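Enquirer: Questions regarding the structure given below will be posed in turn.
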Amino acid sequence: MPVEHISAIHVNNILGLIGFIILWIALVTCAKLLIAALRNDPLIGWAIGPLGFSTLYLNEPSALFILFSALFPVVVSAVILYFGLFSSLPSALTLPHNPLVEILVIAVCVLLTSVGDLRSALRDLRHPLWGEARVLRTIQFLRASCASIHFTAFGITFLHDHFDSNPTDLLQAF
């Protein structure tokens, strides 16, 4: 990268930049929560961990819903980044208004927030799982990411009926 392009990057307000990053991540997370709320399948549980918020459903969603749930947060993230960094609104970070720079910055930032969702969507489209296998796979991934898993009343009943286990015993098995 030439020196003149590096000097064009300027942080105007460090607290404003930190606030923008927090707002950006919060709005992307809200988009993911909105998608989870739109799903009308039996909810077994949810998890909160370092990789964000996850939901655990019994049924495999349709391919259209899988694509929507992966692409909607990407679009939300890209729009927030574009308006927050490259619009005429006052910004905490000054970047060059070059289309290549805009595309590169937005693409890298969008990948940071949604690579896991895109990977999960591709996995679900390529190797769909239903029922008990889907529940066990999701629990295994959540336990591997050190997420805190919370089961609903339906989820506790499901674990008891299908695995003859309570949540504590099942989570200790992983």
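The values are calculated or read from the model by the stated rules, or taken from the named source; none is laboratory data. Predicted model only: the values in this text are computed from it and were never measured. Note: ideal-geometry Cβ built from the backbone for every residue, glycine included; neighbour counts use all protein chains shown.
Enquirer: For segment 24-71, which residues satisfy the criterion of being of a type in the set (Lys, Arg) and buried (at least 19 other Cβ atoms within 10 Å of the Cβ)?
Expert: Lys32
Enquirer: Looking only at residues that are in contact (Cβ under 8 Å) with a residue 60 or more places away in the chain and among the acidic types (Asp, Glu) in segment 106-144, which one is nearest to Thr55 (Cα to Cα)?
Expert: Restricting to residues being in contact (Cβ under 8 Å) with a residue 60 or more places away in the chain and among the acidic types (Asp, Glu), the top hit is Asp117.
Enquirer: Next question. Among all residue pairs at least 6 apart or on different chains, which show Cβ distances below 6 Å where the first residue, located in segment 75-99, is free of Cβ contacts under 8 Å to residues at least 12 places away in the same chain and the second is assigned to a helix (DSSP H, G or I) and exposed (fewer than 15 other Cβ atoms within 10 Å of the Cβ)?
Expert: none
Enquirer: Which of the residues belonging to segment 74-111 are modelled with pLDDT of 85 or more and out of contact with any helix residue (DSSP H, G or I) (no Cβ under 9 Å at 6 or more places or on another chain)?
Expert: Val79, Phe83, Pro99, Leu100, Ile103, Leu104, Val108
Enquirer: Now a separate question. Which numbered condition trips up Pro50, out of (1) in contact with a strand residue (DSSP E or B) (Cβ under 7 Å, 6 or more places away or on another chain); (2) closer than 30 Å to Phe163 by Cβ?
Expert: With (1) in contact with a strand residue (DSSP E or B) (Cβ under 7 Å, 6 or more places away or on another chain); (2) closer than 30 Å to Phe163 by Cβ applied to Pro50, the lone miss is (1).
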